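Reading through the structure tokens given below for one structure.
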Amino acid sequence: MKIGFIGAGKVGFSMGKYLTGRGIEVTGYYSRNPESSLEAANFTDTKQFLDLEQLVGDSDAIFLTVPDGEIASVWEQLKELPIQGKIISHFSGAQSSDIFSERGRIPAYGYSIHPLFAFNDKYSSYKDADRAFYAIEGDSEKMADIRRLLEIMGSGYTVISAQNKIRYHAAASIVSNLYVGLTSMAEQILTECGFAPDDAHRAFSPLIMNNARNIVSYGTEGALTGPVERSDIATVEGHIANLSQKQSEVYKMLSAEVLEVAKRKHPDRDYQEMEKIL
Ligand SMILES: NC(=O)c1ccc[n+]([C@@H]2O[C@H](COP(=O)([O-])OP(=O)(O)OC[C@H]3O[C@@H](n4cnc5c(N)ncnc54)[C@H](OP(=O)(O)O)[C@@H]3O)[C@@H](O)[C@H]2O)c1
């Protein structure tokens, strides 16, 4: 499969470099700014395209690594070109392949290939990209080709439905962005207890690091500790009574999730009383 990229940014650079490193043919780059496409072509030892139609002609698959807000307009341009039989994919987490509208009329196959990975640097992120896990979805006709690509890349992946794409992305937000919000709330509570903000941050660092390491190594059940698991009712009641209303709402909602983990971990234990207070 010969792959051409539209959009020479962080994901375009990184995916192109990673794919060429795995022996997959990348034709080259077209981008809004010719300097970007030239830079990406040099970095990946591929070709710069100044004409979109030429990139389309030279490639079996067109990967749109443009910002989410640009996908629809690039698709509008592609629709006017000879894309018969081509694979068209974007890399957005929130958007599905449904963004490639009129696929019944336009004879191309639409996909989304989303890496659960942060590409923060055009020149170095590809080095760790073998750790990325992907969610893919789109037309059934060429799904075998997309699967084969992921297999050559050596990447884990799951095929999901277009309908589930936004739900999937919400889960990714929970585990990453929402965790930032949770940490910020906990640091705020420490400052309310008299910690300087820097100390609050420093104090939590070992807990955060160990917890993340344990979740990754042992899963949620293996990593679980604390008063909900131990069924320590007095402590949990004390926590709830001493938090602000917003904080206690978050505490109770997440503790109810923690309780589900505890129940899976200890199916023999009686958590009825804990269930009542949460
Ligand atoms: N970064 C991540 O960690 C990450 C992770 C997973 C998925 N994604 C997804 O990957 C996609 C790309 O993200 P990114 O982080 O690589 O963005 P980015 O670094 O901002 O790069 C986007 C590139 O697209 C080019 N571009 C913008 N509008 C264009 C247009 N109309 N036609 C042609 N080229 C255009 C820009 O080119 P010029 O330089 O030429 O102006 C820019 O270099 C997004 O859908 C994003 O959601 C990103």
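Looking across the stretch 259-277, just one residue is over 34 Å from the mean Cα position of the chain (by Cα) and among the β-branched types (V, I, T), and that is I277.
List the number of the failed condition for F63; all other conditions in (1) near the ligand (Cβ under 9 Å from one of its atoms); (2) outside any helix (DSSP H, G or I) hold. F63 satisfies all of (1) near the ligand (Cβ under 9 Å from one of its atoms); (2) outside any helix (DSSP H, G or I) except (1). All of (1) outside any helix (DSSP H, G or I); (2) not assigned by TED's automatic domain parsing to the domain that holds F13 hold for S101 with one exception: (2).
Residue check: L182 meets all listed conditions (1) of a type in the set (A, V, I, L, M, F, W, C); (2) closer than 22 Å to V11 by Cβ; (3) touching a residue at least 60 places away in the same chain (Cβ under 8 Å); (4) part of a helix (DSSP H, G or I) but one, namely (2). Pairing residues of the stretch 108-133 that are near the ligand (Cβ under 7 Å from one of its atoms) with residues that are among the aliphatic types (A, V, I, L, M), at Cβ distances under 7 Å and at least 6 apart in sequence or on separate chains, gives H114/A135; P115/A132; F117/A129; F117/A132; F119/V11.
So that you can scan it fast, the table gives a plain yes or no per residue for (1) exposed (fewer than 13 other Cβ atoms within 10 Å of the Cβ); (2) more than 19 Å from V250 (Cα to Cα); (3) among the aromatic types (F, W, Y):
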| site | (1), (2), (3) |
| --- | --- |
| L149 | no, yes, no |
| M153 | no, yes, no |
| I174 | yes, no, no |
| D199 | no, yes, no |
| A212 | yes, yes, no |
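State whether one or more residues within the stretch 210-218 are part of a helix (DSSP H, G or I), in contact (Cβ under 8 Å) with a residue 12 or more places away in the chain and among the aliphatic types (A, V, I, L, M). No, the stretch 210-218 has no match at all. When the stretch 219-231 is filtered for residues that are outside any helix (DSSP H, G or I) and either loosely packed, with under 14 Cβ neighbours inside 10 Å or modelled with pLDDT under 95 (or both), the ones remaining, listed by number, are T225, G226. Specify which of the listed residues (K47, K79) is at pLDDT 95 or above, in contact with a Ser or Thr (Cβ under 8 Å, 6 or more places away or on another chain) and surrounded by fewer than 20 Cβ atoms within 10 Å (Cβ to Cβ). Of K47, K79, the one residue that is at pLDDT 95 or above, in contact with a Ser or Thr (Cβ under 8 Å, 6 or more places away or on another chain) and surrounded by fewer than 20 Cβ atoms within 10 Å (Cβ to Cβ) is K47.
Take L207 and tell me if it is in a loop (DSSP other than H, G, I, E, B) and hydrophobic (A, V, I, L, M, F, W, C). No; evaluated as a whole, the condition is false for this residue. When restricted to residues that are of a type in the set (G, A, S), in a loop (DSSP other than H, G, I, E, B) and more than 12 Å from the ligand (Cβ to nearest atom), the stretch 2-57 contains 1.
Taking first residues from the stretch 68-93 that are near the ligand (Cβ under 10 Å from one of its atoms) and partners that are acidic (D, E), the Cβ contacts under 6 Å between residues at least 6 apart in sequence or on separate chains come to S92/D68.
Select from the stretch 124-147 the residues that are in contact with a strand residue (DSSP E or B) (Cβ under 8 Å, 6 or more places away or on another chain) and loosely packed, with under 14 Cβ neighbours inside 10 Å and write down the one among them that is nearest to F43 (Cα to Cα). Result: F133.
The values are calculated or read from the model by the stated rules, or taken from the named source; none is laboratory data. From a predicted model like this one, the values you see are computed outputs, not experimental measurements. FYI the Cβ positions are ideal-geometry reconstructions off the backbone, even for glycines, and counts take in every protein chain you see.
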